[in-house]
1. Confirm whether A74 is under 30 Å from D89 (Cα atoms), touching a residue at least 24 places away in the same chain (Cβ under 8 Å), surrounded by 15 or more Cβ atoms within 10 Å (Cβ to Cβ) and in contact with a helix residue (DSSP H, G or I) (Cβ under 6 Å, 6 or more places away or on another chain).
2. From (1) hydrophobic (A, V, I, L, M, F, W, C); (2) within 30 Å of I82 (Cα to Cα); (3) buried (at least 17 other Cβ atoms within 10 Å of the Cβ), pick out the condition that doesn't hold for A51.
3. List every residue pair whose Cβ atoms lie under 6 Å apart, where the two residues are 6 or more positions apart in sequence or sit on different chains, the first residue falls within the range 56-70 and is over 19 Å from E2 (Cβ atoms) and touching a residue at least 60 places away in the same chain (Cβ under 8 Å), and the second residue, located anywhere, is surrounded by 13 or more Cβ atoms within 10 Å (Cβ to Cβ) and of a type outside the set (V, I, T).
4. Name every residue in the range 16-48 that is surrounded by 14 or more Cβ atoms within 10 Å (Cβ to Cβ), β-branched (V, I, T) and within 22 Å of I82 (Cα to Cα), in order of residue number.
5. Before we move on, is G31 of a type in the set (G, A, S), at pLDDT below 95 and not in a helix (DSSP H, G or I)?
6. Looking only at the range 54-67, filter to residues that are in contact with a helix residue (DSSP H, G or I) (Cβ under 9 Å, 6 or more places away or on another chain), assigned to a helix (DSSP H, G or I) and hydrophobic (A, V, I, L, M, F, W, C); which one of those is surrounded by the fewest Cβ atoms within 10 Å (Cβ to Cβ)?
Amino acid sequence: MEQAQLMFAATGALIFVFGLVAGLRDDSLLGRIIAINISGVGLFLLLVALAYRGLCQAADPIPHALVLTGIVVAVAASGLAIAIGRKLDELRNSSHRREGDSS
């Protein structure tokens, strides 16, 4: 492993761990969604770093394709999670208002 490849792989692993710790510590849904996205960025960086073969050879295309696909899936899943979270908040707020009105 070259020094640059090792540095990028270690940085990706560190970003992944930061996102994982933040996701476990945060109580809000939005904070957890952001933490999962940060973990995904670290994993994507790690995969790209591991795909590097050196200056004389082309990078392995399979991890690059997986990373591109993962980015698209992560954006779609984040949008879905945020939409579901908003709907849950709306339902929670409307049920609190109903309980306040009936008392």
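The values are calculated or read from the model by the stated rules, or taken from the named source; none is laboratory data. In this text the structure is predicted, and so the values were computed from the model without any measurement. Cβ placement follows ideal geometry from the backbone for every residue including glycine, while neighbour counts extend to all protein chains displayed.
1. yes
2. (2)
3. Filtered contacts from the range 56-70: no entries.
4. The answer is I33, I34, I36, I38, V41.
5. Values: of a type in the set (G, A, S): yes; at pLDDT below 95: yes; not in a helix (DSSP H, G or I): no.
For G31, the condition - of a type in the set (G, A, S), at pLDDT below 95 and not in a helix (DSSP H, G or I) - is not met.
6. Within the range 54-67, the subset in contact with a helix residue (DSSP H, G or I) (Cβ under 9 Å, 6 or more places away or on another chain) is 54, 59-64, 66-67.
Restricting the remaining residues to those that are assigned to a helix (DSSP H, G or I) gives 61-64, 66-67.
Right, trim to hydrophobic (A, V, I, L, M, F, W, C) and you get 62, 66-67.
Working: I62: 10, L66: 15, V67: 17.
That would be I62.
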